[in-house]
1. Taking 7 Å along the Cα-to-C-beta vector as the label spot, tell me the B:ASP186-B:GLU212 distance in nanometres, rounded to one decimal.
2. Label position 7 Å from Cα toward Cβ: report the copy-to-copy distances for B:ILE410 in nm, one decimal, ordered from shortest.
3. To one decimal in nm, how far is B:ASP298 from the same spot in the other copies, if labels go 7 Å from Cα toward Cβ? Please give the shortest first.
4. Once the piece of chain linking B:GLU286 and B:GLU396 is laid out straight, how much longer is it, given 0.36 nm per residue of separation minus the C-alpha distance between them?
5. What is the spin-label model distance, in nm, from A:ASP346 to B:ASN199 if the labels are put 7 Å beyond Cα along the C-beta direction?
6. Expected output is a single nm value to one decimal: the length gained when fully extending between B:SER50 and B:ALA363, i.e. 0.36 nm times separation in residues minus the C-alpha distance. What is it?
7. Among A:SER140, A:LEU100, A:GLN128, whose Cα projects farthest towards the positive end of the dipole of region A:85-144, with charges put on the beta-carbon of Lys, Arg (+1) and Asp, Glu (-1)?
8. Please find, in a Gaussian network model of chain A (springs between Cα atoms separated by less than 10 Å), the residue of A:GLU40, A:GLU151, A:GLU352 whose mean-square fluctuation is greatest.
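Values in this text are rule-based calculations from the coordinates and carry no lab data. Remember, it's a predicted structure, so these values are computed and weren't measured experimentally. Using ideal geometry, Cβ is built from the backbone for each residue, glycine included, and neighbour counts are taken over all protein chains shown.
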Protein chains: 2
Amino acid sequence: MTKLTTNPYKGVRDFYPEDMAAQRYMFDVWRMTAEHFGFEQYDASILEPSELYKSKGAVNEEMVNEQTYTFTDRGDREVTLRPEMTPTVARMVAHKRRDLHFPVRWYSIPNLFRYERMQRGRLREHWQLNCDIFGVDDVSADIEIILLANEIFKNFGAINGKQYNIHVSSRRLLEALYDALDLDTDARTAATRLADRKNKMEAVDFKAKMTEAVGNKASEVLTFLNADNINVVPDSVKTSEAYAEMKTLVETMKEMHCKVIFDPTIIRGFDYYTGIVFEVVDLDPENNRAMMGGGRYDNLTEVFGGEPITGIGFGFGDVTLKDFLISHDLMTTDIMSVTLAVLPTDLALNLEAQKIAQEFRVAGVATKVDLSGKKVGKKISLAGEQFVDYVLVLGEDEVKSKSYKVKDLIEGTEITGTLEELIEKLAN
Amino acid sequence: MTKLTTNPYKGVRDFYPEDMAAQRYMFDVWRMTAEHFGFEQYDASILEPSELYKSKGAVNEEMVNEQTYTFTDRGDREVTLRPEMTPTVARMVAHKRRDLHFPVRWYSIPNLFRYERMQRGRLREHWQLNCDIFGVDDVSADIEIILLANEIFKNFGAINGKQYNIHVSSRRLLEALYDALDLDTDARTAATRLADRKNKMEAVDFKAKMTEAVGNKASEVLTFLNADNINVVPDSVKTSEAYAEMKTLVETMKEMHCKVIFDPTIIRGFDYYTGIVFEVVDLDPENNRAMMGGGRYDNLTEVFGGEPITGIGFGFGDVTLKDFLISHDLMTTDIMSVTLAVLPTDLALNLEAQKIAQEFRVAGVATKVDLSGKKVGKKISLAGEQFVDYVLVLGEDEVKSKSYKVKDLIEGTEITGTLEELIEKLAN
């Protein structure tokens, strides 16, 4: 018989209890922080009709055509494993728009699938915290979303300005600049695409390409994109509403002790962003990259019909977070363990051990039994490694005398008594 | 433009916050109970190489051929969305067999996929609690698994013998009977298949079919299958080890105040069960069916090579559980809500409201802001419906005077003070 491999499918992960403990810790902090801001959890299936990703503006084309898991089901429907959560949440909001009380604050921790070439931090399945506020186009909501992102990093023990920075910009402000320069649609698209790549290009090349794209208006665009501060953008955009909005955001967040950096090169790839956009950047020099980000979008529910619904939100992946926590020595795991382990000295006592364990469990003491044939010394040291608090070694003497010993593995102390006495002590 | 549907893919569910609250409650009780017994959580991807399900004995053929979601990925690999968790966990145990300390107690709450014809309680995606003990073939482990199943029902508030019954049998005992009757392999297979359907057939038909299958040994097989009590099985099996094991199980569980019913018609479809098998049956006369079940299997890791690893475990689906809880009026939801809602009387005060909310949040008070344009009376009643404890109405007067009122929505009382005073009160 051919032996099957025990490896998981390429590009996905197995979560053994120790990996799961790290995952649980990350998800717990995500959940706790989102709920502290009043976000409610939702979820959906990973299976979506493929049409959802084919509609204009929903996601970028490259991803749909080359990177999704798409197949035909046994009923001849085309199905896609969701590559991102936003189309799903837009669908759900559109479905219940009449019953929802806006603004809606929702979060979810979905797993997402992309068929990508394999590299560090890129897997074919990852989990992603998604937080969105729907139905209010007001800078106070944009501020809240960025505060929430900041609070998540704080709750992981990270320090703003030391381990990460928050960069903000505005697609609306960029449009205000284009309006002031009277650029046509093609020039806008070309300039925006280029701006997105500014930090990956030499200044000279960038200038040349920008001149190709927008002609003699390149110097004004460059002045804007080089601004390291909201006050030094060209005067031509300072009368716009988008400028006032950005200024309010930067100043209010400063008052709230949440440092944000105005950075007009923040574009965010997706076409659907229309207002404030932001990214959180890792300050580790070895890994100086955007870890997460988001922004405001208008009318994400357009493809479903009805009145437009605006929103602001972000996505934050588990792989990126884990890399960040480990590289900054902030990783903690949420290891679950029992209070008591009952350790029979002989296999013949397993049944008796199980009976005793059950009495502790019924009294509310989390208890397990080591049913293996290992020597009792080994059983005790294993219990310690597994963070068990107490052990009860069960031999023939204990069964006969009905007097038992419980050893406190942390303190090294021992208590002796009847089962009732020991249960009472451990249950308290 | 054609409008897209807002419905989910056929046979799967969207989880709005209210649905999620029910799901969270069920998963929390599952988790808490499993961990009380010392089970550790693991997880894996839904994507598995299709070979995993094609190996002999892994799952039943009908499912693999007709009911899986199987497709070819962009790298020409055949992939399946897992239809059950057991092959995955067997793969994971086999992968780390040298590092694991047996017995291993593991649980997981995976989502599983089957392309099934649609009917009540049958969806194409469902979640399932899976609990297993690996590496110990001892009745004390079988007892523990059944105790755990019982404890889960108890923790949902259900009563053994009133709302559900636990039926147990043994594939080993059935084999002991076949040994005593000297049946050949074909006769054994035919008899076992038939036994699995006994409760769905008329007694007369059943007898006729059994006679077809095992000839003149049918009456002894019938005596066995009609036994409603371990003591009344044919004498020919009473000398077997399997009989002693079953008797120990039934009697020990009685001592432990966990009622189990010996029921030789419990077979469980999967081929891989080899020892104790059990099912938990709903006692609602409208829905008198098995809700969950499991059993002992030998050498589940056989297809991966190496020494055999034995195990005992069960699966318990979320849809079945939800139906049970609702029909017995045991459903509770785990609704998360904030402590405080800040309610600006005018959109122009949203930013000020957000600043105040953030001060409460930083002090540890879960707080949200109603950023909508609703009237303040409506905002207050909505906060109440959303289980918010306190509201702070923010108008021009409050902003000017810096004196704020917090209303306790449960008690109906009010406290007035500076922001610092109110934060101190709510934070405690």
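1. 1.4 nm
2. In ascending order, 3.0 nm.
3. Listed shortest first, these distances are 7.1 nm.
4. This chain segment gains 33.6 nm when fully extended.
5. Between A:ASP346 and B:ASN199, the label points sit 4.1 nm apart.
6. 107.5 nm is the gain from fully extending B:SER50 to B:ALA363.
7. Farthest towards the positive pole: A:GLN128.
8. In the Gaussian network model the winner is A:GLU352.
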